[in-house]
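Notes to accompany the following structure.
Here, each number is a calculation from the coordinates, and none is a lab measurement. Here the structure is a predicted model, which is why all the values come from computation and not from measurement. Note: ideal-geometry Cβ built from the backbone for every residue, glycine included; neighbour counts use all protein chains shown.
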Amino acid sequence: KAGVTQTPRYLIKTRGQQVTLSCSPISGHRSVSWYQQTPGQGLQFLFEYFSETQRNKGNFPGRFSGRQFSNSRSEMNVSTLELGDSALYLCASSLRQGVNEKLFFGSGTQLSVL
Amino acid sequence: DQQVKQNSPSLSVQEGRISILNCDYTNSMFDYFLWYKKYPAEGPTFLISISSIKDKNEDGRFTVFLNKSAKHLSLHIVPSQPGDSAVYFCALQRAGNTPLVFGKGTRLSVIA
């Protein structure tokens, strides 16, 4: 079974631009979560989608948005990029939504904002 | 306000010895406690978990201990192996459809 696939693997953007990251979950998984990892802050929750609906949202500005498609694939978008948005963005999928559901992470998209 | 703290950014242990990674939390509402391991250039992978009704869970060389009164979680790796060198994150979850809250991670180096 293929794992969680994130594209692109690396991305370089300049301040003010926007970016779209893509995530394909494990086949059959309906829940997709996004996390931002920075060296000083660890993994911070961005949002979670289940059956195309956003179920949870972290404490990030409105410049960060996402969506989930009917095939469970998900995208996240960051508009008006800032230097502080440079981070590893991780997508994770799980079979269901709920407590103690094991998350399966992709390898991430490393975003650098210059 | 940091709900989950991993106070040791790094830990170095000799091969064959015990590795103990610690995690402290402030919110007594957490019900599930997990550990994830992350190698460079890879996403985190699930290692072991424990629910709040237990105080110990064992899986091979890995044991997680939960002390609810102290709001303290620890992961023991015995014996440590060089392949265990990675960043370890504790992750906590409340009941209901709530997201995992991660610590900042501890980098474990197992020296041969």
Region A:1-57: translational diffusion in µm²/s, Stokes-Einstein, Kirkwood Rh over Cα pairs, 4 °C, 1.567 mPa s:
97 µm²/s
Mean per-residue count of partner chain Cβ within 10 Å for B:101-109 equals 3
What is the spread of the Cα atoms of chain B along each of their three principal axes, largest first, in whole Å?
42, 28, 21
Cβ neighbours within 10 Å, averaged per peptide: list B:79-90, B:99-110 in order, most packed at the top.
B:99-110, B:79-90
Please compute the average number of Cβ atoms from other chains found within 10 Å of each residue's Cβ in peptide A:41-48.
5
For A:THR5, residues with placed amide H under 5 Å, excluding near neighbours:
A:SER24
Could you work out how far apart the two model spin labels at A:TYR10 and B:HIS72 are, taking each label as a point 7 Å from the Cα in the direction of the beta carbon, and quote it in nm?
4.3 nm
Karplus ³J(HN,Hα) for region B:49-60 (6.51 cos²θ - 1.76 cosθ + 1.60, θ = phi - 60°; Hz, whole; x = Gly/Pro) runs 9, 8, 9, 5, 7, 10, 10, 7, 9, 10, 8, x
Under the rule a/c < 1.5 gives rounded, and otherwise a/b versus b/c splits prolate from oblate, where does the protein assembly as shown land using the Cα gyration tensor?
prolate
If you plug each phi of region A:61-67 into the Karplus form 6.51 cos²θ - 1.76 cosθ + 1.60 with θ = phi - 60°, what whole-Hz ³J(HN,Hα) values come out, in order, with x for Gly and Pro?
x, x, 5, 9, 9, x, 7
Calculate one ³J(HN,Hα) per residue across region B:62-70 by plugging θ = phi - 60° into the Karplus curve 6.51 cos²θ - 1.76 cosθ + 1.60, and present them in order as whole Hz with x for glycine and proline.
10, 10, 10, 10, 10, 10, 5, 5, 8
Which whole-number value in Å³ per residue fits the convex hull of the alpha carbons of region A:50-99?
100 Å³
What's the FRET efficiency of B:ARG94 with B:GLU15 using the Cβ-Cβ distance as r and R₀ = 30 Å, to the nearest 0.05?
0.20
Cβ neighbours within 10 Å from other chains - mean over B:30-41
2
Below 8 Å between Cα atoms, with a sequence gap of 6+, how large is the relative contact order for region A:11-107 in percent?
35 percent
Translational D (Stokes-Einstein, µm²/s) of region A:20-111 at 10 °C and 1.306 mPa s when Rh comes from the Kirkwood sum over C-alpha pairs?
121 µm²/s
